[in-house]
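Here is the structure we will look at.
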Amino acid sequence: MIKFLPITILLSLSCAVLASEGQWQRDKGSRLTNFKNMYNPCVVETGGDYRYRMWFFGWAADHSNKNTPGSDAIFHARSRDLRSWEVYSKANTWDKAMNPKKWAPVLHASNRWYEAWHVGDPSVVLRDGQYHMAYSATSKHFGKRPGYPATMVQCVMGAVSGDGIHWEKSQQPLLIRSEDTADPKPEPGRIGDFHRPSLHRENGKWRLWFDYWLPGKGVCMGYAENKGNFMARDGFKITHDLRNPIIENWPNPEVIRIGKMYHCFSDPPGYPVRLGESHWKSRQLREAVSVDGASWKKLDFIPPDEDADACHVPQALVTSIDGRKWLYLFYATQVGYRKQDGKYHYQYDRIRAMRRQTAAPGRQR
């Protein structure tokens, strides 16, 4: 079982971390845009001519990716400098002009019931020249049913690749509730819907943080480990009682280790909004810190960009630029409220990044 540190230790450590970190620097420009609804930009430093690679997902040119199996799909981009990006496109080309009609997914739904609809939330680790990805997958919608608030089954899948474009999927989910089926019976007290993975390789084992549904506490963060083959059946083991989450009410977790500290970013509810405003605006980026990845101290919310109603689905990267070590936080901005129709639009229209200087050496996932 995973062990938790006393809160007094976490409080003192979080204060020390904040004292050594710089302030967030925001860039109003977008890394990717013009798409229908895209988010979760996982960036990995790979070296070479194109130093950085990104995997992101959603809808490119049209709702639910017309002519692609399922709905959400995963796409791929590359960059030399973290600012200008080229997106992998049809006929093995790369689009520099932000024209989503050209983009081609690198992973999409299959005929297996547990990944028949949405495929997304990529988290990628480069190890020994091979890319390892944990990603979210879902069944098709089966309508409202007690115990299944998403109206579908959610799980975490795995895949490996030599080039980041062509992937071999795992033969089974890395994490799925064993009792779930394509047409499950109602279970009002069910704990499940494993989703939104954050994958790491550390000390000879795979570490996986993820979110899941816990009745009465909402979407919480969990943790699993795999000491063997990444793609092996039942390789990942949840190390704690799911009734006791690692962090309560913490959707879309993204974990990164910087020196001896772990930082986790999320987009939980609780950010103050005016009466009558959309619940989406109450969800904003927030950080938590830990020395072991098990016991966490939540820090303050990060306010949204001045021109965005909400910033969500964070992904982190530590890299050196011009001799300085930076923590980059990539995220998506919602379309939000539009005066034209008086409605709030949940879709994400821009992928952006903010950064802050860090004194500690960084580690990739």
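The values are calculated or read from the model by the stated rules, or taken from the named source; none is laboratory data. Here the structure is a predicted model, which is why all the values come from computation and not from measurement. All Cβ positions, even for glycine, are placed from backbone atoms using ideal geometry, and neighbour counts span all protein chains on display. Ligands, DNA and RNA are excluded from the accessible area calculation, which covers all protein heavy atoms including side chains. Shrake-Rupley method; radii C 1.70, N 1.55, O 1.52, S 1.80 Å.
Taken about its Cα centre, segment 79-220 carries a charge dipole of about 240 debye when Lys and Arg each add +1 at the Cβ and Asp and Glu each add -1 at the Cβ. Taking the charge dipole of the chain about its Cα centre, with +1 at Lys and Arg Cβ atoms and -1 at Asp and Glu Cβ atoms, the residue from 113, 215, 76 reaching farthest to the positive side is 76. Between residue 194 and 154, 177, the built amide H atoms are under 5 Å apart, and every one of these is 5 or more places off in sequence or on another chain. Amide H contacts under 5 Å for residue 31: 351, 352, 353, restricted to partners 5 or more places along the chain or on a different chain, H placed in the peptide plane at 1.01 Å from N. Each Cα pair under 8 Å and six or more residues apart adds its sequence gap; the mean of these over the residue count of segment 34-116 is a relative contact order of 26 percent. The local environment of residue 190, defined by Cβ-Cβ distances under 9 Å, has a net charge of -3 under the rule Lys, Arg +1 and Asp, Glu -1. About its Cα centre, segment 218-301 has a charge dipole of approximately 40 debye under the convention of +1 per Lys or Arg Cβ and -1 per Asp or Glu Cβ, with nothing else charged.
Look at where the Cα atoms of segment 81-159 and of segment 227-303 average out, and the two centres are 20 Å apart. Spherically averaged projected area of the convex hull of Cα atoms, segment 300-365: 5.9 nm².
What is the chain by shape, rounded, prolate or oblate, if you read a ≥ b ≥ c off the alpha carbon gyration tensor as root eigenvalues and call it rounded for a/c under 1.5, prolate for a/b larger than b/c, and oblate otherwise?
Details: a/c = 1.13, a/b = 1.01, b/c = 1.12.
Verdict is rounded for the chain.
Just round it to a whole percent: the fraction of Cα-Cα distances in segment 29-90 exceeding 18 Å. For segment 29-90, the share of Cα pairs beyond 18 Å comes to 34 percent. With all protein chains kept in place, the per residue accessible area of segment 54-101 amounts to 45 square angstrom at a probe of 1.4 angstrom. Taking the Cα centre of the chain as reference, the dipole from Cβ charges on Lys and Arg (+1) and Asp and Glu (-1) amounts to some 200 debye.
Once you have a ≥ b ≥ c as the square roots of the Cα gyration tensor eigenvalues for segment 94-180, tell me rounded if a/c is under 1.5, and otherwise prolate or oblate according to whether a/b is larger than b/c. Since a/c reaches 1.5 but b/c is at least a/b, the shape of segment 94-180 is classed as oblate.
Here the accessible area is traced with a 1.4 Å probe on the protein chains. For the chain, carbon and sulfur cover 49 percent of it. Per-residue ellipticity at 222 nm, computed for the chain from helices alone with -39500 (n - 2.57) per DSSP H run of at least four residues, works out to -1000 deg cm²/dmol.
Mind checking segment 250-324 for trypsin sites (Lys or Arg not before Pro) that DSSP puts in a loop (not H, G, I, E or B) and that have at most 14 other Cβ atoms within 10 Å?
Passing sites in segment 250-324 are 260, 274.
Rank 198, 44, 94 by how far each Cα sits towards the positive end of the charge dipole of the chain (+1 on Lys, Arg Cβ; -1 on Asp, Glu Cβ) and give me just the farthest. So the residue furthest toward the plus end is 94. Specify whether the C-alpha gyration tensor of segment 113-260 places it in the rounded, prolate or oblate class, a ≥ b ≥ c being the square roots of the eigenvalues: rounded for a/c under 1.5, otherwise prolate if a/b is larger than b/c and oblate if not. Oblate, because a/c is 1.5 or more while a/b does not exceed b/c. With unit charges on the beta carbon (Lys/Arg positive, Asp/Glu negative), name the residue among 150, 164, 125 whose Cα is farthest towards the positive pole of the charge dipole of segment 108-189. So the residue furthest toward the plus end is 150. Using C-alpha pairs below 8 Å separated by at least 6 residues, the relative contact order for the chain is 16 percent. Local charge for residue 62 was computed over the other residues whose Cβ lies under 11 Å away, with Lys and Arg +1 and Asp and Glu -1, and equals +3.
Regarding segment 67-106, what's the average projected area of the Cα-atom convex hull, expressed in nm²? Please report the intermediate quantities before stating the final value.
On the way: hull surface 12.6 nm².
Hull-based average projected area comes out at 3.2 nm².
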